[in-house]
There are 2 protein chains.
Amino acid sequence: MSVDRTRMRWNGWGWAAHKDDIAPREELWTWLATELGMPALLATPARPLEEVTLPASKLLAPDRTALNAIVGEEHVRDTAFERAFHASGRSYRDLLRLRAGDLSTAPDAVVYPRGTEEVLAVLALAAKERIAVVPFGGGTGAVGGVSGTRGPFEEVITLDMSAMDRLIDIDPLSCTATAEAGICGPALEKALRAKGYTLGHMPDSFEFSTLGGWIAHCAEGAANRLVAAKMATPRGPLSTGDFPASAAGVQMKDIVAGSEGVFGVITEATVHIRRLPQMSDCRAWLFRDFESGAAAIRIAMQEGIACSTLRLSDAEETRFQRAYDTLGKTSGAVQWIGNRYFKLRGYDVKPCKLIAVFEGDERIASSERRRFHAVARKHGALSLGRGAGEQWRKTRFQAPYFRDTLLDRGAGIETVETATSWSKLDALHAGVQTALEAAIRDAAPREGARGIVMCRLADASPQGASLCFTTVFPRLLDGDIDQWSRIKKAAAEAVIANGGTISHHLGVGRDHLPWITQEKGQLGIDVLRAVKAALDPVGILNPGKLLP
Amino acid sequence: MSVDRTRMRWNGWGWAAHKDDIAPREELWTWLATELGMPALLATPARPLEEVTLPASKLLAPDRTALNAIVGEEHVRDTAFERAFHASGRSYRDLLRLRAGDLSTAPDAVVYPRGTEEVLAVLALAAKERIAVVPFGGGTGAVGGVSGTRGPFEEVITLDMSAMDRLIDIDPLSCTATAEAGICGPALEKALRAKGYTLGHMPDSFEFSTLGGWIAHCAEGAANRLVAAKMATPRGPLSTGDFPASAAGVQMKDIVAGSEGVFGVITEATVHIRRLPQMSDCRAWLFRDFESGAAAIRIAMQEGIACSTLRLSDAEETRFQRAYDTLGKTSGAVQWIGNRYFKLRGYDVKPCKLIAVFEGDERIASSERRRFHAVARKHGALSLGRGAGEQWRKTRFQAPYFRDTLLDRGAGIETVETATSWSKLDALHAGVQTALEAAIRDAAPREGARGIVMCRLADASPQGASLCFTTVFPRLLDGDIDQWSRIKKAAAEAVIANGGTISHHLGVGRDHLPWITQEKGQLGIDVLRAVKAALDPVGILNPGKLLP
């Protein structure tokens, strides 16, 4: 098993032993309190598991016995830790509930299958005995997609896929790899690198999220990397074709991508891989404002410049990042070019940092970097060189831990992510920003309190890009879930009103359910329900997610 | 209306007035007869429309009146020509039947809607009155997808979309264009070029096929170019999102792509467009064999070399092309480099011609061409330069007309197209070739008769490519449809056995129905049936296509 659950936080992100470097940096916290319009940020620790009352497991003894017979007794677990760890994913609402000790969505048991046949047998049993089944990859989802909700059923089990973590095959000629769906990012990448390949897919959740989870939630282009999948359903196995392209009607892999455990359990997937590039050159540029940075990215995409990563932080995110990189640091603080120089050149008003990665053999990586630099220069950018780029790469997987620390210190943090076409991007950016700022003010714990609303542009294509808003705000201690709901609602409505999708990489889960019908239309929802009924007629799979 | 139906052949390809240059070239026909192992090829002309008995229209008077009320009397047509023209698409089987005067699949009437509202009204009427509806784009399909089959219904009408041919909008920032689905290739391309853009999509049927048809049949990557679509269904309009990417569950545009008129009628689509490149440089290379050419294409794709077209003909296709370009030509014969030179260099045994197009500004197009040339050289290729490339581009839309002339002269011609991953490509190529050769011999009109079996590799990606087999064979005059069935069956079984998709760009229609369940699995077919039932509960849309 590539990830040992017992070493992880049951109510937060990642490894229990992880210590981030921001907790002791009081200068940073003082700055943050001022930014949020608060006299101080209160300590708001989470409740320890020992203090929490876990509802009794409702799994019936015969069902337990039947599960034991399928996967082996040691793979059916119902310790307090197992049930608490699997009670939900890691959305902001999930964290609020877990930290408050609300384990009402804890499954009755956690089952660890070791192969597709076991998954099929569990699903057949569950359909027969009417047990809800929640497929669980890394549990890192941020939209409530793996909470142990029962729907109309008495019993609910979580199917933790982490024991299905083998790399099955690499096809070197076709540049594809086939693996079991429970393999997590680092294990898959390590196995690929050992053979000279890379997946080239690194969402922020990379350390813990799984191949199956990426596909089930269409995480950041995972659907584009998907070649083929095997999905276990209560009606048996569904195997998509593994063709590079096909015109033979609707493609089953398009039904698997984004299925969120509602149609079936992804057990195996074949994905595109690339030969490990000779060079992976991560660079940074500074733009005078967001608009010019966005325009440079758009032109680069439409001219076909090959960048494997392009991320543009808006002025707020750049400013926040700078504070995070420097305030209260005793050593190793990142060197930012002197303020005076920025001021002189006009980069001090709304400076926006862009990170770009160029890969391939040295000649290609360099030539693409030069092409991009020419576009960036034309849009007024200043090269910050390699150091600032590598700094981002080194610390990128730290960000999710930061949420726990903020939550300990009286601050909330939420992400709103969407995608839209270039022609709608500016209005969407402004609309969501305004909506978030207003909603945070309205739901703030005191007069004058406010949020920091940051935005990042990424996942660009010739047609458009994703926008990922991160907002940090002072927690309303009495009614923190309601505070979140109001902020979320305002942001989601602004996304829809401005032509964005309700999710670019997190999925629908429970958190985005109120807006999914607006996005798909009633007829679209009817289509999805019909697919669900064809594959899961009893409706045991992941009740209450994806479909309203 | 961008295409005047009355100027087209009702029983063959394209414009009635078209004269191809091969009919009078007796040297070519003599060569072909020898190649096919026939003493001579017989004249086998088609029956003229005047001699054919058209079944009486079964459209009931009240339904005719209701249709008139929706689209206007002049847009409901049932002349013999209209009904004959719309009796089927242009598959080999379709052509055999049309040429023999079998018009049993002629619709009872042809309706030309002028907008989405009219399409919706026609579908609502048809669902209520139980009239089968066959959506019809350009009618160029080669899998029997638009035949006027009635299914369980008494009446059948064809919905010819060619009056819905407006370019609605260009979004220059996002590089997308929105058009009505009935617009055909040249009209769309002309409207785009007038604004400085190009679609960059040119299937062989380009002159007559439509935007809606490309999407409905996933023609050669049309699904990848699709941003958004509107589809009219008997249950109302379905509108997909127009996001550059989305993680909000299964995407409706993936349900529309490949829907083949069975789920609904595509009325509008938004697609990616590109700025017209400064340069479009079409070149040719000669490889010593198919394997080395295929390897060069694979490497080029996996190294990210930007070619907008890459087509490799195998030795048989190269040889056939050469005969076609030269035999019996009195003037303008293409100059092939002298045989002696080829022999000296070893290009005379199994020479395979590759066509590649490089686009962009001059610097980029040249640098990508040089990158490709380096790969080609490494694989033993000889550059044939620009002339041979441009020759292909000039004549590429002539090929479909060739079929009619062959059919007039006692020869049959069929296309089998598939796609697979690089690791399966060689075996698939060999397997289908062997199967085609054997089936043609078995179903030949006389001992010793045989077919020419050619293959072309195209639509390459890092993962795989499509293979398009063209076979020319002597017609069995007594039982030509049975001859075709035997050849088709052998080829399709070899495709499936060797891991290819049953279609890479033509679709399923009726001709590929026998193999679709093998490709999708029974559960996959159940999913498609469920989608069908959700959108078209009465089942009036395109009966007998796509779904077995």
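The values are calculated or read from the model by the stated rules, or taken from the named source; none is laboratory data. Note that the structure is predicted; figures quoted are calculated from it, not measured. A quick note on method: Cβ atoms are made from the backbone with ideal geometry, for glycine too, and the neighbour counts reach across all protein chains shown. SASA here: full protein model, heavy atoms, side chains in, ligands and nucleic acids out. Shrake-Rupley method; radii C 1.70, N 1.55, O 1.52, S 1.80 Å.
Yes/no per residue for (1) open to solvent by 60 Å² or more (accessible area, probe 1.4 Å); (2) of a type in the set (Val, Ile, Thr); (3) part of a helix (DSSP H, G or I); (4) more than 14 Å from chain A (Cβ to nearest Cβ):
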| site | (1), (2), (3), (4) |
| --- | --- |
| B:ILE364 | no, yes, yes, no |
| B:HIS373 | no, no, yes, yes |
| B:GLY387 | no, no, yes, yes |
| B:ARG393 | yes, no, yes, yes |
| B:TYR401 | no, no, yes, yes |
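Taking the stated definitions as given, is A:ASP63 over 30 Å from A:ARG409 (Cβ atoms), among the acidic types (Asp, Glu) and open to solvent by 50 Å² or more (accessible area, probe 1.4 Å)?
Against the criterion (over 30 Å from A:ARG409 (Cβ atoms), among the acidic types (Asp, Glu) and open to solvent by 50 Å² or more (accessible area, probe 1.4 Å)), A:ASP63 does not qualify.
If you check A:ASN542 against the conditions, is it over 28 Å from A:ARG97 (Cβ atoms), out of contact with any Cys (no Cβ under 9 Å at 6 or more places or on another chain) and not hydrophobic (A, V, I, L, M, F, W, C)?
no
On the basis of being closer than 24 Å to A:PHE372 by Cα, in contact (Cβ under 8 Å) with a residue 24 or more places away in the chain and within 9 Å of chain B (Cβ to nearest Cβ), does A:ARG283 make the cut?
Judged against the criteria, A:ARG283 is not a match.
Scan the stretch A:11-56 for residues that are under 15 Å from A:GLY451 (Cα atoms) and among the aromatic types (Phe, Trp, Tyr) and jot them down.
A:TRP29, A:TRP31
Name the single residue that is farthest from A:TRP392 (Cα to Cα) among those in the stretch A:199-225 being within 14 Å of chain B (Cβ to nearest Cβ) and modelled with pLDDT of 95 or more.
Top of the filtered list is A:ALA216.
With respect to the numbered conditions (1) in a strand (DSSP E or B); (2) of a type outside the set (Phe, Trp, Tyr); (3) surrounded by fewer than 21 Cβ atoms within 10 Å (Cβ to Cβ), which one is the sole condition not fulfilled by A:ALA438?
(1)
For the stretch A:41-51, how many residues meet the condition of being assigned to a loop (DSSP other than H, G, I, E, B) and touching a residue at least 24 places away in the same chain (Cβ under 8 Å)?
7
Tell me, which residue of the stretch A:181-198 that is more than 14 Å from chain B (Cβ to nearest Cβ) and not aliphatic (A, V, I, L, M) is farthest from A:ARG274 (Cα to Cα)?
Checked the stretch A:181-198; the qualifying residue farthest from A:ARG274 (Cα to Cα) is A:GLY182.
Of everything in the stretch B:403-427 that's assigned to a helix (DSSP H, G or I), among the aliphatic types (A, V, I, L, M) and in contact with a helix residue (DSSP H, G or I) (Cβ under 7 Å, 6 or more places away or on another chain), which residue is surrounded by the fewest Cβ atoms within 10 Å (Cβ to Cβ)?
The selected residue is B:LEU407.
Pick out the one residue from B:LYS545, B:LYS488 that is among the charged types (D, E, K, R) and either more than 12 Å from chain A (Cβ to nearest Cβ) or open to solvent by 30 Å² or more (accessible area, probe 1.4 Å) (or both).
B:LYS488
Filter the stretch B:511-542 down to the residues that are under 21 Å from the mean Cα position of the chain (by Cα), surrounded by fewer than 23 Cβ atoms within 10 Å (Cβ to Cβ) and within 24 Å of B:THR158 (Cβ to Cβ) and list them by number.
Result: B:LEU513, B:ILE516.
Do we find that A:LEU523 is without any contact (Cβ under 8 Å) to a residue 24 or more places away in the chain, closer than 26 Å to A:ARG235 by Cα, within 12 Å of chain B (Cβ to nearest Cβ) and touching a Gly at 6+ places or on another chain (Cβ under 7 Å) in this structure?
yes
Quick one: is A:VAL531 under 23 Å from A:ASP204 (Cα atoms), within 11 Å of chain B (Cβ to nearest Cβ), in contact (Cβ under 8 Å) with a residue 60 or more places away in the chain and not in a loop (DSSP other than H, G, I, E, B)?
Working: under 23 Å from A:ASP204 (Cα atoms): no; within 11 Å of chain B (Cβ to nearest Cβ): yes; in contact (Cβ under 8 Å) with a residue 60 or more places away in the chain: yes; not in a loop (DSSP other than H, G, I, E, B): yes.
Against the criterion (under 23 Å from A:ASP204 (Cα atoms), within 11 Å of chain B (Cβ to nearest Cβ), in contact (Cβ under 8 Å) with a residue 60 or more places away in the chain and not in a loop (DSSP other than H, G, I, E, B)), A:VAL531 does not qualify.
Of all strands (runs of 3 or more DSSP E) completely enclosed by the stretch A:127-180, which ones contain at least 1 residues that are within 30 Å of B:PRO462 (Cα to Cα), within 14 Å of chain B (Cβ to nearest Cβ) and touching a residue at least 40 places away in the same chain (Cβ under 8 Å)? Explain how you work it out, then say what you get.
Values: elements: A:131-136, A:155-160, A:167-171, A:176-180.
Output list reads A:167-171, A:176-180.
Would it be correct to say that B:LEU476 is more than 29 Å from B:PHE290 (Cβ to Cβ), open to solvent by 20 Å² or more (accessible area, probe 1.4 Å) and either at the interface with chain A (Cβ under 7 Å from one of its Cβ atoms) or at pLDDT below 95 (or both)?
Judged against the criteria, B:LEU476 is a match.
Among the candidates A:LEU123, A:LEU103, A:LEU98, single out the residue that is surrounded by 24 or more Cβ atoms within 10 Å (Cβ to Cβ), modelled with pLDDT of 95 or more and over 22 Å from A:SER209 (Cβ atoms).
A:LEU123
Among the residues that make up the stretch B:266-278, is at least one of them open to solvent by 10 Å² or more (accessible area, probe 1.4 Å), part of a loop (DSSP other than H, G, I, E, B) and within 7 Å of chain A (Cβ to nearest Cβ)?
no
Taking B:ASP254 as meeting all but one of (1) facing another protein chain (nearest Cβ under 7 Å); (2) part of a loop (DSSP other than H, G, I, E, B), write down the number of the exception.
(2)
Considering only residues of the stretch A:491-502 that are surrounded by fewer than 22 Cβ atoms within 10 Å (Cβ to Cβ) and part of a helix (DSSP H, G or I), which is nearest to the other protein chains (Cβ to nearest Cβ)?
By that ranking, first place goes to A:ILE496.
Pick out the one residue from A:ASP289, A:ASP314 that is over 30 Å from B:ALA530 (Cβ atoms), acidic (Asp, Glu), more than 12 Å from chain B (Cβ to nearest Cβ) and in contact with a His (Cβ under 8 Å, 6 or more places away or on another chain).
Selected residue: A:ASP314, the only one of A:ASP289, A:ASP314 that is over 30 Å from B:ALA530 (Cβ atoms), acidic (Asp, Glu), more than 12 Å from chain B (Cβ to nearest Cβ) and in contact with a His (Cβ under 8 Å, 6 or more places away or on another chain).
Does the stretch A:216-251 hold any residues that are buried (at least 23 other Cβ atoms within 10 Å of the Cβ), of a type in the set (A, V, I, L, M, F, W, C) and in a helix (DSSP H, G or I), and which are they?
A:ALA216, A:ALA219, A:ALA222
If you go through the stretch A:503-519, how many residues are touching a helix residue (DSSP H, G or I) at 6+ places or on another chain (Cβ under 6 Å) and at the interface with another protein chain (Cβ under 7 Å from one of its Cβ atoms)? It would help to see each step written out before you state the result.
At the first step, the residues of the stretch A:503-519 found to be touching a helix residue (DSSP H, G or I) at 6+ places or on another chain (Cβ under 6 Å) are A:505, A:508, A:515, A:517-518.
From the residues that got through so far, the ones that are at the interface with another protein chain (Cβ under 7 Å from one of its Cβ atoms) too are A:505, A:508.
Adding up the residues that qualify gives 2.
Output yes when any residue across the stretch B:302-310 is touching a residue at least 12 places away in the same chain (Cβ under 8 Å), of a type in the set (Val, Ile, Thr), away from chain A (no Cβ under 14 Å) and more than 19 Å from B:SER367 (Cα to Cα), and no when none is.
Scanning the stretch B:302-310 turns up no residue that is touching a residue at least 12 places away in the same chain (Cβ under 8 Å), of a type in the set (Val, Ile, Thr), away from chain A (no Cβ under 14 Å) and more than 19 Å from B:SER367 (Cα to Cα).
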